[in-house]
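*Asks:* Just passing along the structure, written as structure tokens.
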Amino acid sequence: MKKVCLFYCPETHSLAERVAAQSDAIELRSINWRKFKDGFPNLFIPNAHGIRGQHVAFLASFSSPGKIFEQLSVIYALPKLFVSSFTLVLPFFPTGTSERMEDEGDVATAFTLARILSNIPTSRGGPTSLVTFDIHALQERFYFGDTILPCFESAIPLLLNRLQQLPDSDNISIAFPDDGAWKRFHKQLQHFPMIVCNKVRDGNQRIVRIKEGDPRGRHIVIVDDLVQSGGTLIECQVYNFLFCFVHFQFLPY
């Protein structure tokens with residue numbers, strides 16, 4: 001079985017431990033995350049010679065712009081340590097909502113981040129493999145260059161498996177807060193009746209209304225393609241609740 005050295009950032013430490021517990025082939029490796037007095041990162045990879053010829057992965061979390069630079073510094077360094085292969089696992093691609101231009105002058109920051117990741121140095125085994133989950137728009141794969149291999153995974157199969165195990169699975173409907181979420185996931189969830197909502201403006205307020213489907217007497221699982229403040233999910237729950245006094249579960253992606 002192929003051994004993997006799994007590095008992680010401070011935010012993904014607990015997740016990395018849970019991942020490593022699933023297989024004896026995964027060896028956790030730490031990084032010293034320090035800062036100089038001016039706030040810039042002072043980073044060190046212990047026993048760097050020990051990962052030569054090894055398969056290496058890094059579990060990242062780009063949760064804020066301030067976290068990205070220090071992790072990119074490590075991400076760019078690891079493939080150059082003569083490793084056999086390098087895989088970057090980025091569970092959430094953070095610039096997902098800025099993948100297109102609507103007005104001249106808009107900056108598509110998803111393209112910027114994709115190009116930065118596309119310039120990760122190659123390892124002995126070739127280009128870096130990038131694994132990310134439920135990216136906001138599938139067309140973002142075309143923002144990446146030829147020097148990285150993006151692999152778009154999805155948690156929807158896990159969701160389907162969980163819902164089908166529930167004792168009342170035949171009484172479940174999937175609610176999408178807007179057309180964007182429906183377009184992104186409806187083909188994967190077509191086993192269930194669907195409710196599609198839309199957002200309308202009432203003065204300065206944005207209100208969620210049911211566009212298609214009937215929630216009455218159903219268990220509702222709300223699936224959105226991106227969650228920032230959670231306001232849309234709450235609005236969607238409140239409006240559907242006016243029609244059915246049943247269980248709600250939030251499943252944001």
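The values are calculated or read from the model by the stated rules, or taken from the named source; none is laboratory data. Predicted model only: the values in this text are computed from it and were never measured. Virtual Cβ from ideal backbone geometry, glycine too; neighbours counted across all protein chains shown. Side chains are part of the model used for accessible areas, which takes the heavy atoms of the whole protein and leaves out ligands, DNA and RNA. Shrake-Rupley method; radii C 1.70, N 1.55, O 1.52, S 1.80 Å.
*Asks:* Looking only at helices (runs of 4 or more DSSP H) that fall completely inside the range 156-253, which ones have 1 or more residues that are modelled with pLDDT of 85 or more?
*Replies:* Once the helices (runs of 4 or more DSSP H) in the range 156-253 are filtered for at least 1 residues that are modelled with pLDDT of 85 or more, what remains is 156-165, 179-185.
*Asks:* Which numbered condition trips up VAL107, out of (1) farther than 23 Å from VAL19 by Cα; (2) open to solvent by 10 Å² or more (accessible area, probe 1.4 Å); (3) part of a loop (DSSP other than H, G, I, E, B); (4) touching a residue at least 12 places away in the same chain (Cβ under 8 Å)?
*Replies:* (4)
*Asks:* Something else about it: Looking only at the range 136-158, which residues are aliphatic (A, V, I, L, M) and farther than 16 Å from ALA181 by Cβ?
*Replies:* Hits for the range 136-158 are ILE148, LEU149, LEU158.
*Asks:* Residues of the range 158-189 being in contact (Cβ under 8 Å) with a residue 40 or more places away in the chain and either over 19 Å from PRO215 (Cα atoms) or touching a Pro at 6+ places or on another chain (Cβ under 6 Å) (or both), which ones?
*Replies:* LEU159, SER173, GLY180, ARG184
*Asks:* Scan the range 1-32 for residues that are closer than 14 Å to ALA57 by Cα, open to solvent by 30 Å² or more (accessible area, probe 1.4 Å) and among the hydrophobic types (A, V, I, L, M, F, W, C) and report the count.
*Replies:* The total comes to 5.
*Asks:* What residue, among those in the range 188-202 that are over 19 Å from the mean Cα position of the chain (by Cα) and under 16 Å from PRO157 (Cβ atoms), is least open to solvent (accessible area, probe 1.4 Å)?
*Replies:* Taking the candidates together, the pick is PHE192.
*Asks:* Among the strands (runs of 3 or more DSSP E) lying completely within the range 1-94, list those that include at least 3 residues that are under 22 Å from ASP134 (Cα atoms) and without any contact (Cβ under 8 Å) to a residue 60 or more places away in the chain.
*Replies:* 55-59, 85-90
*Asks:* On the basis of being outside any loop (DSSP other than H, G, I, E, B) and open to solvent by less than 10 Å² (accessible area, probe 1.4 Å), does LEU117 make the cut?
*Replies:* yes
*Asks:* Out of (1) of a type in the set (D, E, K, R); (2) closer than 23 Å to ALA20 by Cβ; (3) open to solvent by less than 40 Å² (accessible area, probe 1.4 Å), the odd one out for LYS67 is which?
*Replies:* Failed condition: (3).
*Asks:* Condition test on LYS211, is it open to solvent by 40 Å² or more (accessible area, probe 1.4 Å), on the phi < 0 side of the Ramachandran plot and under 23 Å from the mean Cα position of the chain (by Cα)?
*Replies:* Answer is no for this residue.
*Asks:* Closer than 30 Å to THR112 by Cα, of a type outside the set (S, T, N, Q) and either in contact with a Ser or Thr (Cβ under 9 Å, 6 or more places away or on another chain) or open to solvent by less than 80 Å² (accessible area, probe 1.4 Å) (or both), is that true of ARG184?
*Replies:* So ARG184 fits the description; yes.
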